[in-house]
Amino acid sequence: MAVDISRALGVTGWMGRLMLVWLAEQSAKCKRIVEVGCYRGRSTRAMIDNSRAHIWCLDSWSGTHTTADDHVRFLTNVQDSLDRLTILKMDSVKGTKKLLKRFGPGHFDLMFIDACHDYKCVRADIIACRPLVRRGGILAGHDYANGWPGVRRAVNELVPDKQIVPKGAIWWTKLS
């Protein structure tokens, strides 16, 4: 499947080309996506440009690596697609609980986690996100890498059947 990540590559962020391609390919199959941790919109751009999905963007923009300016840059980077985005500026667990209350379990095709990277937060995000994914949908996240031991530990504990995107730091599983 051919995807176009050219606009995503123009957005500042840490996700590399191969991971953006994977995310774009997965999003092309989706109608409803939640992105937990959006930073400046690099991965959001890859998903929105390669799908017809509506994306719920969940980020507090107040973490260790983000600022209020990053929220402004995010809005600038996705301004042409705001009709297909719902932006929830809040804590990730609080936001996923809000989505669960509004839509119920199994509503989303893809949940992509890339928020806080310490063990406690990643664990809480995985636990909060899992019920929102439909049967056959994908629960995934970024930074399954040696530099992020909290991410690796939480994913290893809670997602034993995970797969890793080749040459990347994305972990994922299809829920049954």
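The values are calculated or read from the model by the stated rules, or taken from the named source; none is laboratory data. Note that the structure is predicted; figures quoted are calculated from it, not measured. All Cβ positions, glycine included, derive from the backbone under ideal geometry; neighbour counts span all protein chains shown.
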**Q.** The listed residue being under 21 Å from Thr66 (Cα atoms), of a type in the set (Gly, Ala, Ser) and touching a Leu at 6+ places or on another chain (Cβ under 9 Å), out of Ala145, Ala115, Ala128, Ala169
**A.** Ala115
Q. Do you know which residues across region 56-70 are hydroxyl-bearing (Ser, Thr, Tyr) and under 18 Å from Ser43 (Cα atoms)?
A. Ser60, Thr66, Thr67
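Here is a yes/no grid of residues against (1) crowded, with 24+ Cβ neighbours inside 10 Å; (2) of a type outside the set (Asp, Glu); (3) more than 23 Å from Ala145 (Cα to Cα):
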{"position": "Arg32", "(1), (2), (3)": "no, yes, yes"}
{"position": "Ile48", "(1), (2), (3)": "yes, yes, yes"}
{"position": "Ile55", "(1), (2), (3)": "yes, yes, yes"}
{"position": "Thr64", "(1), (2), (3)": "no, yes, no"}
{"position": "Asp70", "(1), (2), (3)": "no, no, yes"}
{"position": "Phe74", "(1), (2), (3)": "yes, yes, yes"}
{"position": "Asp80", "(1), (2), (3)": "no, no, yes"}
{"position": "Val93", "(1), (2), (3)": "no, yes, no"}
{"position": "Ala115", "(1), (2), (3)": "yes, yes, no"}
Q. Counting only residues that are more than 19 Å from Arg32 (Cβ to Cβ), touching a residue at least 12 places away in the same chain (Cβ under 8 Å), surrounded by fewer than 18 Cβ atoms within 10 Å (Cβ to Cβ) and of a type in the set (Gly, Ala, Ser), how many does region 125-163 have?
A. 2
Q. Any chance region 123-141 includes a residue that's touching a Gly at 6+ places or on another chain (Cβ under 6 Å), farther than 18 Å from Arg42 by Cα and assigned to a strand (DSSP E or B)?
A. yes
Q: Considering each residue of region 105-124, count those that are without any contact (Cβ under 8 Å) to a residue 60 or more places away in the chain and hydrophobic (A, V, I, L, M, F, W, C), and give that number.
A: 3
Q: Can you give me the number of residues within region 46-79 that are farther than 22 Å from Thr96 by Cβ and in contact with a Gly (Cβ under 8 Å, 6 or more places away or on another chain)?
A: 2
Q) Can you pull out the residues in region 1-15 that are of a type outside the set (Gly, Ala, Ser) and either in contact (Cβ under 8 Å) with a residue 40 or more places away in the chain or not in a helix (DSSP H, G or I) (or both)? A) Met1, Val3, Asp4, Ile5, Arg7, Val11, Thr12, Trp14, Met15
**Q.** Count of residues meeting criterion [at pLDDT 95 or above and either in contact with a His (Cβ under 8 Å, 6 or more places away or on another chain) or among the small types (Gly, Ala, Ser) (or both)] in region 149-170
**A.** 4
(Q) Among the listed residues Ser62, Ser27, Ser43, Ser92, identify the single one that is at negative phi, free of Cβ contacts under 8 Å to residues at least 24 places away in the same chain and of a type in the set (Gly, Ala, Ser). (A) Ser62
